[in-house]
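For reference, the structure discussed in these notes is given below.
What follows is calculated from the coordinates using simple rules that are stated; it is not laboratory data. Please read all numbers here as calculations on a predicted model, not as lab measurements. Positions of Cβ are generated from backbone atoms using ideal geometry, with glycine treated the same way; all protein chains shown enter the neighbour counts.
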């Protein structure tokens with residue numbers, strides 16, 4: 001068994017960067033109850049750009065490609081999140097039905113680890 005789950009070598013792969021983005025995005029959403037849309041985009045870009053820095057990319061074109069790869073990692077992370085999340089209701093409840101049912105407003109609902117970002 002590997003001694004490290006994530007390291008620079010695994011984060012430098014597409015699968016590793018995508019997995020790190022999903023895990024950290026889901027964790028932040030679950031713990032802090034924040035929307036993970038923009039946060040995970042920033043996270044995916046940061047992971048890919050930091051890998052480019054640590055692998056000593058010297059050309060400007062390498063950083064341009066890293067930004068594009070960050071978008072690809074983010075898109076894949078959104079796909080994984082969507083595949084592993086519950087399908088949201090097709091139609092949100094009306095204000096009247098929420099009051100009648102005694103349900104909390106939708107914005108107060110705590111997000112779980114596998115809640116959709118979108």
inquiry  = If I stretch the segment between residue 84 and residue 116 completely, what's the gain in nm (0.36 nm per residue apart, minus their alpha carbon distance), one decimal?
reply    = 10.7 nm
query = Tell me, 37, 111 in order of fewest to most beta-carbon neighbours within 10 Å?
reply = 37, 111
query = Which value, in Å to one decimal place, does the Kirkwood hydrodynamic radius take for the range 8-85 when every pair of different Cα atoms is included?
reply = 12.5
request  = Grab the beta carbon distance between residue 64 and residue 42, set R0 = 25 Å, and tell me the FRET efficiency rounded to 0.05.
outcome  = 0.90
